[in-house]
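The values are calculated or read from the model by the stated rules, or taken from the named source; none is laboratory data. Bear in mind that the values here come from a model prediction, so they are computed numbers and not experimental data. In this analysis, Cβ positions are derived from the backbone assuming ideal geometry, glycine residues included, and neighbour counts consider all displayed protein chains. Ligands, DNA and RNA are stripped out before the accessible areas are found, and what is left, the full protein with its side chains, is counted by its heavy atoms. Shrake-Rupley method; radii C 1.70, N 1.55, O 1.52, S 1.80 Å.
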Amino acid sequence: MAKDVAKTRKISKGTLAMVITLAVLFFLLILMLILRTNQAICEFVCSRLVNAYQVVAGKFYSVTSVNIFEILVTLAILFALASIISAIVFFCKKKKVLSNRIMLALLIVCVCTANLYIFTAGFAYNREAAPVDAYQGEISKDFALKSFVTLIDDLNACYQDIGKYNDDGSVVSPYGEKQLNEKIRQAVDNVLTDEYYYDYTPKAKPIISSGVMTLNRIAGITFLPTCEPGYNRDMPIVDSAHTIAHEFAHTKGVMREYEANLVGAYVLLNSGDAFLKYCGYIYAISYVYEIIKYDETYFENVEAYPIPEGFRQDNKKIYNWWISQPSLGNIGEFFNDLYLKINGQEDGTGSYEETPDTDDIIIEGGDGEPDRYLTVITKYTNMHRMLVAYATSLSPRL
């Protein structure tokens with residue numbers, strides 16, 4: 001009888017220790033959620049603490065080309081299922097103390113993971129704007145047109161410099177998958193030199209289960225605790241380049257999605273590599289055209305300065321590839337939207353793009369032609385201003 005009492009007390013003490021541990025972890029979680037509302041604290045945590053963590057963890061997880069995040073997710077699912085099933089079995093066998101401890105252990109692991117993620121990624125959502133070269137002055141119509149022409153000329157030059165094409169004119173990548181990853185990694189190191197960005201640049205890794213990503217319409221995913229920029233390896237390579245650059249931006253301390261898109265395009269365009277620049281234009285071409293969406297001359301300017309037909313074919317291939325793939329509907333978007341809103345991005349998945357101020361105009365048709373409708377840009381976004389600054393760097397006399 002005395003042994004049974006002692007055993008009960010021992011279990012009670014162990015359970016109490018787990019409850020206290022869980023309470024401390026919840027306290028830390030709540031504390032971090034409160035602290036990350038202060039931008040100055042976020043900058044300190046990211047620039048000093050997360051940056052140091054990134055150097056150590058990034059080098060550790062970059063030793064292997066296998067995506068550790070993917071392995072951890074698999075193990076986490078198996079652990080959660082095993083814990084829940086075991087807890088139910090022991091509960092049915094009247095072993096409630098053991099059942100409770102198993103569930104407490106599961107909760108402790110979950111809250112530990114949440115704490116680590118808030119530390120490595122959550123604070124970065126409230127940082128200052130990521131620094132890129134963006135034109136800050138007034139953009140007149142003449143200046144906008146000259147910038148547009150410079151960018152189109154640069155796109156055409158990149159297309160010519162690549163030199164290898166398919167029968168339809170679309171480009172043939174000069175790089176294999178690993179070589180492309182390393183090229184983008186080098187570009188990230190060469191371009192993102194501001195102290196705002198984390199010191200260490202980890203290796204990009206393909207997701208083995210890319211088919212699952214495709215089903216959920218996911219192009220890339222970065223898990224900051226393991227410092228791994230992951231990407232869907234099944235995408236057309238001219239599409240994956242910006243995705244990889246986008247995920248690299250996350251590992252450099254840029255968590256807001258529209259800024260990661262901006263930084264990704266900025267890195268590719270300023271890489272000095274014809275193929276990487278071409279892939280940057282693949283992503284940014286709609287913004288390039290929006291630079292001259294200021295009045296009714298838009299359509300004639302588009303016709304006056306054509307882009308390569310092969311570039312159109314590459315964009316068409318990307319579109320056709322995505323719509324030809326099976327889909328699970330909006331499941332992936334739903335969870336991504338929820339995740340972004342939890343992290344303070346009120347627009348959820350709408351936060352991937354920065355929306356410009358616009359106005360609708362009607363262009364009267366002549367000689368019996370129908371009227372045309374055009375949405376003009378009345379206030380440029382940071383993406384537009386980055387492109388104008390890039391055009392200025394290409395042609396200083398602009």
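Only one residue in 392, 378 is polar (S, T, N, Q) and part of a helix (DSSP H, G or I). Which one?
392
Filter segment 352-377 down to the residues that are open to solvent by less than 80 Å² (accessible area, probe 1.4 Å), within 30 Å of residue 125 (Cα to Cα) and among the hydroxyl-bearing types (Ser, Thr, Tyr), then identify the one that is modelled with the highest pLDDT.
Restricting to residues being open to solvent by less than 80 Å² (accessible area, probe 1.4 Å), within 30 Å of residue 125 (Cα to Cα) and among the hydroxyl-bearing types (Ser, Thr, Tyr), the top hit is 358.
For the subset of segment 39-62 comprising residues that are out of contact with any helix residue (DSSP H, G or I) (no Cβ under 8 Å at 6 or more places or on another chain), open to solvent by 60 Å² or more (accessible area, probe 1.4 Å) and not basic (Lys, Arg), which member is nearest to residue 119 (Cα to Cα)?
44
Can you find a residue that is closer than 23 Å to residue 198 by Cβ, open to solvent by 50 Å² or more (accessible area, probe 1.4 Å) and either acidic (Asp, Glu) or at pLDDT 90 or above (or both) anywhere in segment 3-18?
no
Being closer than 13 Å to residue 224 by Cβ and aliphatic (A, V, I, L, M) is the filter here, so list the residues in segment 57-82 that pass it.
Matches in segment 57-82: 57, 68, 72.
Take the residues of segment 311-351 that are in contact (Cβ under 8 Å) with a residue 60 or more places away in the chain, over 20 Å from residue 265 (Cβ atoms) and more than 15 Å from the chain's Cα centre (by Cα): which is surrounded by the most Cβ atoms within 10 Å (Cβ to Cβ)?
Taking the candidates together, the pick is 313.
A quick yes/no check of all residues on (1) among the β-branched types (Val, Ile, Thr); (2) over 30 Å from residue 185 (Cα atoms); (3) outside any helix (DSSP H, G or I); (4) open to solvent by less than 40 Å² (accessible area, probe 1.4 Å):
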{"position": "20", "(1), (2), (3), (4)": "yes, yes, no, no"}
{"position": "64", "(1), (2), (3), (4)": "yes, no, yes, no"}
{"position": "77", "(1), (2), (3), (4)": "yes, yes, no, no"}
{"position": "104", "(1), (2), (3), (4)": "no, yes, no, yes"}
{"position": "110", "(1), (2), (3), (4)": "no, yes, no, no"}
{"position": "113", "(1), (2), (3), (4)": "yes, no, no, no"}
{"position": "119", "(1), (2), (3), (4)": "no, no, no, no"}
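Listed residues 187, 144, 134; which is aliphatic (A, V, I, L, M) and assigned to a loop (DSSP other than H, G, I, E, B)?
Exactly one residue qualifies, and that residue is 134.
Among the numbered conditions (1) touching a Gly at 6+ places or on another chain (Cβ under 9 Å); (2) crowded, with 24+ Cβ neighbours inside 10 Å, tell me where residue 283 comes up short.
That leaves (2) as the condition not met.
Residues checked against (1) closer than 27 Å to residue 327 by Cβ; (2) touching a Phe, Trp or Tyr at 6+ places or on another chain (Cβ under 8 Å); (3) surrounded by fewer than 19 Cβ atoms within 10 Å (Cβ to Cβ):
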position	(1), (2), (3)
164	no, no, yes
179	no, no, yes
186	no, no, yes
192	no, no, no
198	no, no, no
206	yes, yes, no
214	yes, no, no
232	yes, no, no
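Which residues, taken from segment 347-379, are touching a helix residue (DSSP H, G or I) at 6+ places or on another chain (Cβ under 8 Å) and within 24 Å of residue 141 (Cα to Cα)?
353, 354, 356, 363, 372, 374, 376, 377
What is the residue count in segment 378-398 for residues that are modelled with pLDDT under 85 and either in contact with a His (Cβ under 8 Å, 6 or more places away or on another chain) or not charged (D, E, K, R) (or both)?
The total comes to 2.
What pairs come up if the first residue lies in segment 22-47 and is touching a residue at least 60 places away in the same chain (Cβ under 8 Å), the second is open to solvent by 70 Å² or more (accessible area, probe 1.4 Å) and among the hydrophobic types (A, V, I, L, M, F, W, C), and their beta carbons are under 9 Å apart, counting only those six or more places apart or on different chains?
From residues that are touching a residue at least 60 places away in the same chain (Cβ under 8 Å), the pairs are 22/107; 25/107.
Report yes if some residue within segment 93-100 is of a type outside the set (Ser, Thr, Tyr), open to solvent by less than 40 Å² (accessible area, probe 1.4 Å) and in a helix (DSSP H, G or I); otherwise report no.
The answer is no, given that none of the residues of segment 93-100 is of a type outside the set (Ser, Thr, Tyr), open to solvent by less than 40 Å² (accessible area, probe 1.4 Å) and in a helix (DSSP H, G or I).
Please pick out the residue among 277, 252 that is open to solvent by less than 50 Å² (accessible area, probe 1.4 Å), more than 25 Å from residue 170 (Cβ to Cβ) and basic (Lys, Arg).
252
With respect to residue 86, determine if the residue is outside any helix (DSSP H, G or I) and either modelled with pLDDT of 95 or more or more than 21 Å from residue 47 (Cα to Cα) (or both).
Taking the combined requirement at face value, the residue does not satisfy it.
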